[in-house]
Amino acid sequence: MAKAPAKKQKQDDRQIIRIFDTTLRDGEQAPGNSMNIEEKLRIAKQLQKLNVDVIEAGFPIASDGDFEAVKLVAQTIKGPQIAGLCRSSEKDIDRAWEALKYAGERGRIHTFIATSDIHMKYKLQMEPAKVLASAVKAVKRAASYTPNVEFSCEDAVRTRLPFLAEVVEAVIAAGATTVNIPDTVGYTVPFEYFNIITYLKQNVPNIDKAIISVHCHNDLGLSVANSLAAIQAGARQVECTINGIGERAGNCSLEEFVMILKTRGDILPFYTNIATEQLTPSSRLLTTITGIGVQPNKSVVGANAFAHEAGIHQHGMLMEKTTYEIMTPESVGLNASALVLGKHSGRHAFKKRLEELGYDLDDEKINRSFDRFKTLADLKKEVFDEDLDAIVADEAREDEKFKLGHITVTCGSFAVATATVQLEINGTPVRTAELGDGPVDATLKAIKKLTKTKAKLMQYNVGSITGGTDAQGEVTVRVAEGHHIVVGKGSSTDIIEASAKAYVHALNRLHSRQKRVSEGV
């Protein structure tokens with residue numbers, strides 16, 4: 001017998017789900033996602049616009065740089081709570097509060113310890129009773145600084161349920177106001193996760209005194225589905241990241257989770273405070289900073305998320321958009337207009353559009369970016385948001401030891417490629433020429449020779465930012481030297497110039513990182 005259709009949920013009947021964004025902490029821990037202090041602050045300002053409930057700004061004890069980043073975010077950002085992660089040790093907790101105290105009552109100490117048998121035996125080498133005691137001691141220490149304390153049972157889904165319930169009850173009694181039940185290794189499946197949360201709701205007497213949070217990893221591609229199952233069981237905070245970045249296969253994707261609740265409010269009695277129009281700007285800003293893009297078919301923010309090529313789809317869209325679009329491009333901050341700005345656009349319109357895309361640049365960088373935009377507008381018929389992202393990525397650089405001057409390349413079917421490159425190194429012009437297996441190879445060899453770098457080029461990717469033969473090419477490179485791995489990006493209508501810009505950008509980032517390490521920052 002068929003079931004009756006579900007009744008549409010009224011807004012008044014829906015429950016709030018808090019969004020805890022950990023892009024700056026768990027997201028940054030993934031290879032290639034490392035950010036400096038200024039970049040972390042840019043992301044944090046965008047998260048403020050996105051209206052997340054909690055920003056986990058970093059792991060203060062991990063390094064002086066991470067401490068300063070958490071401190072700066074706590075001092076600068078208004079609105080969201082600011083969290084700092086720490087292990088269950090007094091030193092970690094004290095250091096975390098030293099950075100978080102500037103946020104006042106919005107500062108959240110997030111402490112954790114592993115509770116699964118495999119972690120306790122092999123990683124911690126501790127007995128369960130000692131783990132329990134350590135968890136309680138850590139929460140009490142944190143609660144002496146602030147009532148805003150979150151405790152995480154690391155690897156909760158592989159923890160014996162009676163022990164998990166025992167730990168959760170004890171930390172709530174000790175002062176934890178949020179308890180996180182993470183799927184640390186992306187191991188669980190939705191019905192199992194639903195049962196775990198249900199078990200805690202039924203077997204922890206004081207569970208109503210804390211918010212249940214969930215933090216799902218995507219190793220089996222189920223992080224969003226598991227997060228949905230958890231809130232259906234009673235969790236009221238979801239920990240996630242922009243673009244789903246994070247350790248290994250990443251975390252629950254913020255944009256996917258939020259838009260599921262917004263789109264399927266007819267059957268899911270939940271909502272968030274997220275300003276969904278800021279989802280696309282947030283995604284683009286993150287890819288600009290990390291140099292790691294999202295796949296075209298990525299839901300919500302992918303380049304093809306609102307693209308329709310098949311004839312039958314196009315016909316349906318022309319008749320009625322809802323035939324093939326379950327949400328509007330505008331609802332996620334995507335400008336449906338093809339042409340954003342052109343050669344007749346002025347500085348004020350340019351600056352306003354950058355602000356809409358999530359950029360907060362000083363006047364000097366605005367001026368440089370505007371000059372690049374006008375040059376590009378003369379070369380292209382259309383200037384898209386993606387073009388603006390690329391321009392800002394080129395101009396919003398950190399301290400530049402190396403500055404690209406000009407490139408001259410000769411090549412052909414019967415000629416060896418030759419590149420003549422001029423750089424400025426600490427303001428001093430230098431120039432050389434090199435041969436190579438093609439113009440890009442010759443150009444990068446010349447730059448390597450001039451900079452005397454020992455860095456190894458690990459990865460080279462090239463793509464078109466927009467469509468058409470006049471599109472800007474975007475090059476992403478990954479270079480490594482010692483323990484330092486950085487990403488560089490460059491864009492131009494000339495792919496050789498884009499390659500040079502990307503390589504120089506990476507070398508500048510490498511130099512800045514090495515400099516900070518040598519100075520103990």
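Counting only helical runs of four or more DSSP H residues, what would the 222 nm mean residue ellipticity of the chain come to if each run contributes -39,500 (n - 2.57) and the total is spread over all its residues?
-12000 deg cm²/dmol
Just to confirm my numbers, what's the Cα centroid distance between the range 349-366 and the range 115-193 in Å?
44 Å
Below 8 Å, C-alpha to C-alpha, sequence gap of six or more: please give me the relative contact order for the chain in percent. Before the final figure, lay out each step's value.
Details: 1042 pairs, mean separation 55.0, N = 521.
Computed over the chain, the figure is 11 percent.
Could you pull out every one of the aspartates and glutamates with an alpha carbon less than 17 Å from that of residue 209, ignoring same-chain neighbours closer than 8 positions?
By straight Cα distance, residue 209 reaches 150, 166, 169.
Would you please state the base-10 log of I(q)/I(0) at q = 0.11, 0.14, 0.16, 0.20 1/Å for the range 402-518, with intensities from the Debye formula using one equal scatterer on every alpha carbon?
Debye curve over Cα of the range 402-518, log10 I(q)/I(0) at q = 0.11, 0.14, 0.16, 0.20 Å⁻¹: -0.35, -0.57, -0.73, -1.09.
Convert each backbone phi in the range 297-305 into a coupling constant with the Karplus relation 6.51 cos²θ - 1.76 cosθ + 1.60 (shift: θ = phi - 60°), then list the ³J(HN,Hα) values in order as whole Hz, x for Gly and Pro.
8, 5, 5, 6, 10, x, 4, 9, 4
Calculate log10 I(q)/I(0) of the chain for q = 0.08 Å⁻¹, where I(q) comes from the Debye formula with a single equal point scatterer on each Cα and nothing for solvent.
Calculated log10 I(q)/I(0) at the listed q: -0.57.
Angle check, please: helix 37-50 long axis (alpha carbons) against the longest principal axis of the chain (alpha carbons), in degrees 0 to 90, nearest 10.
60 degrees
Which of the trypsin sites (Lys or Arg not before Pro) found in the range 62-163 are loop residues per DSSP with 14 or fewer other Cβ atoms within 10 Å of their Cβ? Each step should come with its number before you reach the end.
Values: sites: 71, 78, 87, 91, 95, 101, 106, 108, 121, 123, 130, 137, 140, 141, 158, 160; in loops: 78, 160.
Hits after loop and neighbour filter: 78, 160.
Could you calculate the contour length gain from residue 441 to residue 375, that is, 0.36 nm times the residue separation minus the distance between their Cα atoms, to one decimal place in nm? Can you show the working numbers first?
On the way: separation 66, 0.36 × 66 = 23.76 nm, distance 2.65 nm.
Extra length from residue 441 to residue 375 when fully extended: 21.1 nm.
Once both axes come from the Cα atoms, what is the angle between helix 128-143 and the longest principal axis of the chain, in degrees from 0 to 90, rounded to 10?
70 degrees
To the nearest 10 degrees, how steeply does helix 279-290 sit against the main Cα axis of the chain, on a 0 to 90 scale?
So the inclination is approximately 60 degrees.
Expected output is a single nm value to one decimal: the length gained when fully extending between residue 191 and residue 15, i.e. 0.36 nm times separation in residues minus the C-alpha distance. What is it? All intermediate terms of the calculation are to be shown ahead of the outcome.
Numbers: separation 176, 0.36 × 176 = 63.36 nm, distance 2.11 nm.
So the extension gain works out to 61.3 nm.
Can you pull out the GluC sites (Glu not before Pro) in the range 45-96 whose DSSP state is coil and whose Cβ has at most 12 other Cβ atoms within 10 Å?
The qualifying sites: there are none.
Using a 10 Å cut-off on Cβ atoms, rank the peptides 401-408, 223-230, 60-67 from the highest mean neighbour count down.
Details: 401-408: 16.0, 223-230: 25.6, 60-67: 19.1.
With the highest mean Cβ count within 10 Å placed first, the list reads 223-230, 60-67, 401-408.
Apply 1/(1 + (r/R0)^6) to the Cβ-Cβ distance of residue 264 and residue 118, taking R0 = 30 Å, and write down the FRET efficiency to the nearest 0.05.
Working: r = 36 Å, r/R0 = 1.20.
Calculated value: 0.25.
Using only the alpha carbons of the range 11-290, what is the convex hull's orientation-averaged projected area in square nanometres?
Answer in nm², one decimal: 13.2.
Bear in mind that the values in this text are calculations on the coordinates, not laboratory data. In this text, all values refer to a predicted model and were calculated from it rather than measured experimentally. Glycine gets a Cβ as well: all are built from the backbone with ideal geometry, and neighbour counts include every protein chain shown.
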